[in-house]
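Peer 1: Have a look at the structure that comes next, please.
None of the figures in this text is laboratory data; all of them are computed from the coordinates on show. Here the structure is a predicted model, which means the values were calculated and not measured. Here the Cβ positions follow ideal geometry from the backbone for every residue, glycine too, while neighbour counts run over all protein chains shown.
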Amino acid sequence: MDMQQSQESQESIVESLDEDHLQMLVQHAYDTDTVRAMEQPLLEQGEPLMRHAAAAVATNVLQLLESFDLDEHARITVLAGAGDNGGDGLFAGALLAKRGFPVTAIAVGRTLHDDAYRTFIESGGHIWVLDAANTIPGCPSEFSAGEAGERFEQAMEFASNSHIIIDAMTGIGAQGALRGIAGSVAQTLGALLDELRAHDSNDDMQRPYVVAVDTPSGIGVNDGSLPGPYIPADMTLMFGAMKPCAILPPACSACGEIWLVDFGFDLESHDPAGSIVGMDLAAAAIRQVMPTDAKYSRGVTGLITGSQQYPGAAVLSTTAAAHTNIGMVRYMGPTRAQDLVLHALPEAVIGKGHVQSWVVGSGVPVRTAEEEADLQQQSIEALLAHYALSEDGSNEEAYAMPAIVVDAGALDLLPDHVPSHVVLTPHMGELTRLLTRLGVDVDEDTVRNQPLQYARMAAKMTGATVLLKGSLTIVVQGGQFADDQVFVAGRAPAQLATAGAGDVLAGMLGAILAQNADLVQPSVPSGDESDHDDEAQVAQAIAEIAGAAAYLHGLAAALASKAKQRGWHRAHLFGIDDLDEEHFPIGRPIVASDVVKKIAAAIGKLQNN
Ligand SMILES: NC(=O)C1=CN([C@@H]2O[C@H](COP(=O)(O)OP(=O)(O)OC[C@H]3O[C@@H](n4cnc5c(N)ncnc54)[C@H](O)[C@@H]3O)[C@@H](O)[C@H]2O)[C@H](O)CC1
Ligand SMILES: [K+]
């Protein structure tokens with residue numbers, strides 16, 4: 001099959017598929033085992049998936065070369081691993097070599113995909129082997145250690161002087177951090193590329209443009225981590241479906257622009273490992289006001305936030321909750337904070353009363369071991385004690401409590417085991433602190449590098465739902481029978497990184513939980529297996545609502561700052577979207593109160609879309 005045929009067949013796959021399928025493609029990510037299960041029936045039917053993959057890579061490279069005004073002298077380097085990912089890269093290289101481009105493949109393993117290698121050579125491609133123990137036919141081997149070192153240096157120099165690097169070292173078959181020559185290539189070239197990137201936007205092709213095949217080599221495909229050296233890409237051509245690394249920090253930044261090549265996988269029959277929170281999911285979490293509603297039926301949120309030291313957090317969390325489509329807020333805190341809350345929000349009711357959700361801890365200082373708890377900390381501790389589960393999960397009262405958002409200083413007061421409608425909202429530092437208190441030996445850099453893994457660990461250890469704040473917000477499900485599906489909200493522009501933004505999110509999340517009180521109430525576990533599904537369903541609803549709050553928070557910030565830029569941009573669909581460069585203005589600076597002022601507009605946008 002040549003490039004044109006393969007492209008036509010790709011286009012016909014795309015045409016025959018409906019909007020729902022395309023929507024699923026750009027919203028859900030599937031782990032590598034699921035991807036292999038989805039490709040299996042197609043391979044059995046004889047679909048030449050590798051040829052489709054290669055044709056897509058070659059087509060995009062040709063379009064890139066054209067957009068950069070590069071003629072047939074453009075230098076193209078393929079970094080080729082020994083597996084099928086290398087096969088994709090070599091077939092793509094062969095298609096480009098046939099078009100007359102000089103294409104060199106740097107073999108990082110001892111072998112190459114047989115068929116792809118032969119096709120590549122027949123098409124006029126050149127091979128550069130780095131492993132002295134290689135068994136690639138016709139290639140030099142058993143060179144001395146000194147020669148090997150020299151070869152390596154020369155190959156890296158060559159690659160860094162090429163116009164296009166096609167990274168095909170590893171894809172979904174990668175296991176852990178890159179080892180051996182692939183690891184050295186990533187180390188050397190990754191550092192070189194980072195340095196060149198720092199000095200050049202690459203508008204004029206002054207540095208190599210890196211196209212990753214399926215996934216950038218060296219990243220954690222299933223957990224989005226960066227376990228070692230990796231090749232940062234400008235663009236990733238991802239096959240069949242998004243892998244978790246496409247949506248999870250920090251790996252998603254290493255993917256560059258993502259182009260999805262649709263293989264017509266049966267996505268509907270498989271569970272995603274992760275999902276991007278989009279407008280639909282966020283809109284579904286906002287309760288429609290009804291003609292028969294009264295303030296109590298719309299939901300009431302109680303807040304124990306702010307302190308003598310940080311009274312502003314009381315104002316931000318309370319005003320945010322009040323603007324997020326509920327009937328009433330109740331505020332509890334020191335007199336100074338009460339006065340400021342009433343000044344900003346005369347509608348606030350001061351003192352205890354019936355509520356459908358709680359928000360605790362925003363602006364409450366962390367309690368050090370030497371200090372005695374102040375009144376605010378004592379009331380939070382007393383409230384949180386009602387959510388404490390014993391080791392065997394029995395404590396009926398905990399399940400009957402309203403959902404609660406545990407933020408900032410309250411994280412230190414969390415009981416060891418709680419139900420899934422306790423939602424923790426730490427940032428990276430707070431998560432590290434929480435895990436350390438639970439006995440995990442970890443520092444903040446490690447958490448930052450593997451945020452999913454550590455958010456999940458906190459959820460598994462405590463039973464709580466965990467919303468981990470960052471430029472992308474990760475939500476992992478709580479509860480005993482929760483699904484591993486992670487939700488990622490990437491709607492926020494960078495302008496949202498400002499003091500008090502977390503207090504606003506806590507208030508908004510509390511309000512969205514209150515208006516969905518019936519959906520987020522876990523039942524007392526009966527030990528009956530047939531109830532597990534119900535519990536898992538509640539845990540998922542809570543996680544979706546947490547993701548929806550993060551989305552709405554990001555959308556309000558985007559409206560306030562007039563930014564188009566986001567933490568995560570939708571993947572492009574190969575054969576459907578244009579390669580044209582997009583611009584995402586960063587907008588203007590904002591403060592957290594500006595976000596509160598735009599919550600109503602953001603809700604309006606969701607409900608009227
Ligand atoms: N998704 C699809 O439908 C299709 C995917 N295709 C491509 O095939 C790869 C997966 O190929 P596979 O051979 O299973 O694995 P890889 O090529 O990703 O990796 C195996 C290769 O890499 C070496 N290796 C693994 N881990 C390490 C490490 N830590 N350090 C160094 N080297 C490592 C291993 O020894 C092997 O040599 C998929 O991504 C797509 O690109 C097909 O084209 C069909 C359709
Ligand atoms: K790759």
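Peer 1: Determine, for Tyr387, Tyr209, the number of other Cβ atoms within 10 Å of each Cβ, and report the residues in order from fewest to most.
Peer 2: With the fewest neighbours first, Tyr387, Tyr209 line up as Tyr209, Tyr387.
Peer 1: Whole angstrom only: what separates the Cα centroid of the stretch 501-577 from the Cα centroid of the stretch 57-131?
Peer 2: 43
Peer 1: What 222 nm value per residue comes from the helices of the chain, counting each DSSP H run with n ≥ 4 as -39,500 (n - 2.57) and dividing by all residues, nearest 500 deg cm²/dmol?
Peer 2: Computed mean residue ellipticity for the chain: -12500 deg cm²/dmol.
Peer 1: Can you put Lys98, Lys469 in order, fewest other beta carbons within 10 Å first?
Peer 2: Lys98, Lys469
Peer 1: I want the antiparallel fraction of DSSP beta bridges within the chain, as a percent rounded to 5.
Peer 2: Among the beta bridges of the chain, antiparallel pairing accounts for roughly 15 percent.
Peer 1: What GluC sites (Glu not before Pro) does the stretch 141-232 have in DSSP loop regions with at most 14 other beta carbons within 10 Å?
Peer 2: Qualifying residues, ordered by number: Glu142.
Peer 1: To continue, here is another question. Work from the charge dipole of the chain (Cβ charges, +1 for Lys and Arg, -1 for Asp and Glu, about the Cα centre) and give the residue of Phe158, Pro589, Leu64 farthest towards its positive end.
Peer 2: Pro589
Peer 1: If you don't mind, there's one more thing I want to ask. Which of the peptides 223-229, 550-556, 83-89, 433-439 is most tightly packed, and how do the rest follow, judged by the mean count of other Cβ atoms within 10 Å per residue?
Peer 2: 550-556, 83-89, 223-229, 433-439
Peer 1: Provide the gained length on full extension for the span Ala497 to Asp416, in nm with one decimal, where the gain is 0.36 nm per separating residue minus the Cα-Cα distance.
Peer 2: Between Ala497 and Asp416, full extension yields 26.1 nm more.
Peer 1: With a ≥ b ≥ c the root eigenvalues of the C-alpha gyration tensor of the stretch 224-267, is it rounded (a/c under 1.5), prolate (a/b larger than b/c) or oblate?
Peer 2: Because a/c hits 1.5 or more and a/b exceeds b/c, the stretch 224-267 counts as prolate.
Peer 1: Excluding same-chain residues fewer than 8 positions from Lys562, which lysines have a Cα within less than 28 Å of its Cα?
Peer 2: Candidates past the 8-residue exclusion: Lys469, Lys597, Lys598, Lys605.
Peer 1: So if I place +1 on the C-beta of Lys and Arg and -1 on the C-beta of Asp and Glu, and nothing else carries charge, what would the dipole magnitude of the chain be about its Cα centre? I want it in debye, nearest 20.
Peer 2: So the dipole magnitude of the chain works out to roughly 2080 debye.
Peer 1: Starting from 0 in steps of 10 Å, tell me what percent of the Cα-Cα pairs of the stretch 422-496 lands in each bin.
Peer 2: Answer for the stretch 422-496: a P(r) of 21, 54, 23, 2 percent.
Peer 1: Could you bin all the Cα-Cα distances of the chain into 20 Å bins starting at 0 and give me the percent of pairs in each, rounded to whole numbers?
Peer 2: That works out to 20, 47, 27, 7, 0, in percent per bin.
Peer 1: OK, next. I need to check one value: relative contact order of the stretch 49-164, counting alpha carbon pairs closer than 8 Å and at least 6 residues apart, in percent.
Peer 2: RCO, the stretch 49-164: 24 percent.
Peer 1: Once the dipole of the chain is set up with Lys and Arg at +1 and Asp and Glu at -1 on Cβ about the Cα centre, which of Gly478, Val341, Ala212 lies farthest towards its positive end?
Peer 2: Val341
Peer 1: Going by how many other beta carbons lie within 10 Å of each one, how would you line up Phe239, Phe143, Phe265, fewest first?
Peer 2: Phe143, Phe265, Phe239
Peer 1: Nothing charged except the Cβ atoms of Lys and Arg (+1) and of Asp and Glu (-1): what's the magnitude of the dipole of the stretch 32-166 about its Cα centre? Round to the nearest 20 debye.
Peer 2: The calculation lands at about 140 debye.
Peer 1: Note down the Stokes-Einstein diffusion coefficient of the stretch 272-315 in µm²/s, whole number, using a Kirkwood radius over alpha carbon pairs, 37 °C, and 0.692 mPa s.
Peer 2: 230
Peer 1: Would you list the P(r) distribution for the stretch 125-233, with all Cα-Cα distances sorted into 5 Å bins from 0 and each bin expressed as a whole %?
Peer 2: Cα pair-distance distribution for the stretch 125-233, in percent: 2, 11, 20, 22, 19, 16, 7, 2, 0.
Peer 1: If you filter the stretch 330-423 for GluC sites (Glu not before Pro), then keep DSSP loop positions with at most 15 other Cβ within 10 Å, what is left?
Peer 2: Counting only loop positions with at most 15 other Cβ atoms within 10 Å, the GluC sites (Glu not before Pro) in the stretch 330-423 are Glu347, Glu370, Glu371, Glu372, Glu391.
Peer 1: Also: With the Cα gyration tensor of the stretch 452-597 giving a ≥ b ≥ c as the square roots of its eigenvalues, does the rule (a/c under 1.5 for rounded; else a/b larger than b/c for prolate; else oblate) give rounded, prolate or oblate?
Peer 2: Verdict is prolate for the stretch 452-597.
Peer 1: With a Cα-only, solvent-free Debye model of the stretch 242-390, what are the log10 I(q)/I(0) values at q = 0.09, 0.12, 0.20 Å⁻¹?
Peer 2: Rounded to two decimals, the profile gives -0.48, -0.74, -1.13.
Peer 1: Could you grab the relative contact order for the chain? Cα pairs under 8 Å, six or more apart, rounded to a whole percent.
Peer 2: The normalised contact order for the chain reaches 12 percent.
Peer 1: Next up: Just to be sure I follow: if Rg is taken over the C-alpha atoms of the stretch 17-145 and Rh is the Kirkwood radius over the same atoms, what is Rg/Rh?
Peer 2: Here Rg/Rh amounts to 1.04.
Peer 1: If packing is taken as the average count of other Cβ atoms within 10 Å, what order do 522-530, 331-339 fall into, highest mean first?
Peer 2: The densest-packed peptide leads the list: 331-339, 522-530.
Peer 1: Among the trypsin sites (Lys or Arg not before Pro) within the stretch 265-324, which fall in a DSSP loop and have no more than 13 other Cβ atoms within 10 Å of their own Cβ?
Peer 2: Those satisfying the criteria are Lys295.
Peer 1: If contacts are Cα pairs under 8 angstrom and at least 6 residues apart, what is the relative contact order of the stretch 239-383 in percent?
Peer 2: Averaging sequence separation for qualifying contacts and normalising by length gives 21 percent for the stretch 239-383.
Peer 1: Could you give log10 I(q)/I(0) at q = 0.13, 0.17, 0.18, 0.19 Å⁻¹ for the stretch 346-503, computed by the Debye formula over C-alpha point scatterers of equal weight, without solvent?
Peer 2: -0.62, -1.07, -1.19, -1.31
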